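Here's the structure we're looking at; comments come further down.
We did not get these values from a lab; they are worked out from the coordinates using the rules stated. Since we're looking at a predicted model, the values are computed, not measured.
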Amino acid sequence: MQSPSAEFDTPGHLSSGTSPRIRVWAVVGRPSSGKSTIIGHLTSLYGAGNNGLDPHAGGEGADRFHSVSLPGGGHMSVYCLRRSWQEADMQPVDVVATVKKAADELANQKPPIVLSYFNVLMALEMDAYPDPQHGPFGKAHEYLSYFARVGWSIEKLVLLSPEAKHQHYERFGAPVLCLYNKDRDPDLLPRPEGRAKEIGRSLAAVRSHFGWS
């Protein structure tokens, strides 16, 4: 009789018939609104906007995961991309396939385990993203609706410089944080302070909202 440990060590065993609960933390905004900056600081991914996971590049699975600090000194591994999925030329169905593959790869690393949760931090374009070569790509709420339809859990949402017409994001049932900046929203946020302080304030707000502070 095969032992439980031997069964778990069978290649591909855990990638068949087991589906972890996908938990999504999303930063939603227009181009140049600060999505990649926030994600970069949350995950210590700095530099060019393409840093982090590139769905079209190779590399070991471990390079796709980044640790975030939690209250009390703990940490959690998240799978992330600094660019929005639309910028990465990924339709919702492509995102689901990419995340599922990454979850299978993580489960089957040595020693293989059964994943309870798979955490995804992502950026999404608030408005439709026209791409003359690969698009068009839909709005953030269309991506989130697709993810919810396939059973993903939308944990927390951050909206950068939203307008009244974006109130429908509250209907996802996830807590929503609205952030504004003095360049895009001078009437709402006329603080005469430097960009570094503004980023620090925004990052602190996002960490608190996500429960990652």
Would you mind listing how long the range 66-105 runs along its three principal axes, going by Cα atoms, in whole Å with the largest first? 37, 23, 11
Could you name the lysines in cross-link range of LYS165, using Cα to Cα under 26 Å and dropping any fewer than eight places away on the same chain? LYS35, LYS139, LYS156, LYS182
Provide the per-residue ³J(HN,Hα) series for the range 196-213, in order, calculated from phi with Karplus coefficients 6.51, -1.76, 1.60 and θ = phi - 60°, each as a whole number of Hz, with x at glycine and proline positions. 4, 5, 5, 4, x, 5, 5, 5, 4, 5, 5, 4, 5, 4, 6, x, 10, 9
For a test of the definition: using alpha carbon positions, the gyration tensor, and the 1.5 limit on a/c, classify the range 61-160 as rounded, prolate or oblate. prolate
